[in-house]
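K.L.:
This is the structure, below, for whatever I ask next.
Quick note: the coordinates plus some simple rules give every number you see, no bench work behind them. Note that the structure is predicted; figures quoted are calculated from it, not measured. Neighbour counts are summed over all protein chains in view; Cβ atoms, including those assigned to glycine, are modelled from backbone coordinates with ideal geometry.
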Amino acid sequence: MGSVMRNSKGVRRLVAVLVLLAVIFALMALTARPRTNVTPMEKGIATLLYPFQVATDWVADKGKGLAASIRELTQLRDENARLRAAVEGGAQDKATAERLMQENRTLQAELQMKERASYPLLSAQVISRTSDSWYRTVVINRGGRDGVETNMAVINWQGMVGKVLSTTPFTATVQLLTDGGFSAGSKVSSGDMGIVQTVQGGEVRMEFFSTAPTVKPGQPVFTSGQAILPPNLLIGYVESEPTGAVPKVVTVRPAIDFNKLDALQVVMFTAQAEREGH
Amino acid sequence: MRYGILATIGLVGFLIQSVLGAYLSIGGAMPSPLLQITVTLGLLFGWRIGLGTGLIGGLLLDLTAGRLIGLHLLSMGLVGLLIGLLEEKVFKENWFLAGLVGAGSAILAHGLNFLCLALLGWRFDPVHTLVGAILPSALYDGLLTMLVYSQVYRYYQYLRPNPRGTIVLRR
């Protein structure tokens, strides 16, 4: 009798566990589809974490500044020794000129990017990065309060960084181009169109609609403007010859250095809005 | 009081992971302080605490990420439950074993995540995922679990269900 009761208790527990697993998996499947809105609970948690993220970012910035100062101090000592040893006094002038030239090149590149984009841009700062092995996202210090909306493109002076995945009043989560599951309509300079998709692990691929695309390594890849993102944002450069039967696929090297994301810009409208004439 | 302290440990783990997580990553290895805490509490206090920590921690991680809800809930809940079932079978003072269990748990949790995402149609580069993310993270998690376990174990006498130290006979 006792063993029968124990067995039935065991079966009940097993059924409860299986039902719980099924419910969780169903929830996962439901939320796996692209969502335009996050739940109020997600919004609440993100808002609660915002001050911690800002504080951490501030401390990290100060830490970086301190490390840079120490590095700079060491460099300055070396430089001082070199300068003392140098016969000509023009070495410092030359270094300053080089630094200014570099600064000028960066500013010019940024300006060209702005001219090329010709969209209203909103400057933003990365305050937090993903803390998960499965997602590649960053949190920026601009949100719904600043007019940021889901699916807006995010860029920097090098090219496209990603798109806005969700917003809270103060922050927005940006899905990076290297996030598994990222996709965007794209085109190469020859006019061939396709879809850029990122495989989990960070490899970016472009699948062509055409069966015989005119494409070669080194060609730039831009957004096509056919779907959500605005056209002509630089995604990256073709890295390989087309492979596969149908569709033809190439790998794409992103234009961005994702290890150095700091100051970003949000493109303040989507292609959909442009098509609708907003 | 005891549950309050355990909840605080979990909350601190969540804050470290969600706010400082990216700063703790080395190369492709991303540690999970919440997983380390789930393993530690499961090994020390049994399956109920392990399961509870895993489920609540996993849900919080899912809600923070703003992506799939249930991914970490499922993997961390299962890890908490399974590790908690080992509670009576391991020597609690063996923190090296805790490290091994931590590394194994990380592989299990990542493996479950991989399986779920693959079932939902995500595309993977399996070799890159295993060698570039899962194994380094598991090694990192194993090392940090030893650290977390050794610190929490110092207070085990105060946190365990029967703080007077009397022997509880189990059936």
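K.L.:
Could you derive backbone 3J(HN,Hα) for the stretch B:134-149 from the dihedral phi with the Karplus parameters 6.51, -1.76 and 1.60 (θ = phi - 60°), listing whole Hz in sequence and x where the residue is Gly or Pro?
P.N.:
Result, ordered by residue: 5, 5, x, 5, 5, 4, 4, 4, x, 5, 6, 4, 4, 5, 5, 4 Hz.
K.L.:
Additional query: Relative to the first principal axis of the alpha-carbon coordinates of chain B, what is the inclination of helix B:95-119, with its axis defined by its Cα atoms, in degrees from 0 to 90 and to the nearest 10?
P.N.:
Helix B:95-119 sits at roughly 40 degrees to that axis.
K.L.:
Helix A:2-32: angle to the longest alpha-carbon principal axis of chain A, degrees 0 to 90, nearest 10?
P.N.:
Result, in degrees: 40.
K.L.:
Related question: Longest exposed-loop-site-free stretch of chain A, with GluC sites (Glu not before Pro), DSSP loop and at most 12 other Cβ within 10 Å?
P.N.:
So the longest stretch without any such site is A:89-275.
K.L.:
Taking only Cα atoms, what is the 0 to 90° angle, nearest 10, from helix B:71-85's long axis to the longest principal axis of chain B?
P.N.:
Rounded to the nearest ten degrees, it is 30.
K.L.:
Give, rounded to the nearest 20 debye, the magnitude of the charge dipole that the protein assembly as shown has about its Cα centre when Lys and Arg contribute +1 at Cβ and Asp and Glu contribute -1 at Cβ.
P.N.:
Dipole magnitude for the protein assembly as shown comes out near 1760 debye.
K.L.:
Using a 10 angstrom cutoff on alpha carbons, build the Gaussian network for chain A and name the most mobile of A:Arg129, A:Arg71, A:Arg13.
P.N.:
Between A:Arg129, A:Arg71, A:Arg13, it is A:Arg13 that shows the largest mean-square fluctuation.
K.L.:
Just in the stretch B:19-103: which chymotrypsin sites (Phe, Trp or Tyr not before Pro) are loop by DSSP and have at most 10 other Cβ atoms within 10 Å?
P.N.:
Sparse-neighbourhood loop chymotrypsin sites (Phe, Trp or Tyr not before Pro): B:Phe91.
K.L.:
For the stretch B:1-21 and the stretch A:232-274, write down the distance between their C-alpha centroids in whole Å.
P.N.:
When both Cα centres are located, 38 Å separates them.
K.L.:
Further question: Under a straight-distance cross-link criterion of Cα-Cα below 29 Å, which lysines are reachable from A:Lys94, leaving out those fewer than 8 residues away in the same chain?
P.N.:
A:Lys64, A:Lys260
K.L.:
Name the residue farthest towards the positive end of the dipole of the protein assembly as shown from the options B:Thr8, A:Ala81, A:Pro247, assuming +1 on Cβ of Lys and Arg, -1 on Cβ of Asp and Glu, about the Cα centre.
P.N.:
It is B:Thr8, whose Cα lies furthest towards the positive end.
K.L.:
Between A:Gln226, A:Gln108, A:Gln53, which gets the highest mean-square fluctuation from a Gaussian network model of chain A, Cα cutoff 10 Å?
P.N.:
Result for chain A, Cα springs under 10 Å: A:Gln108 fluctuates most.
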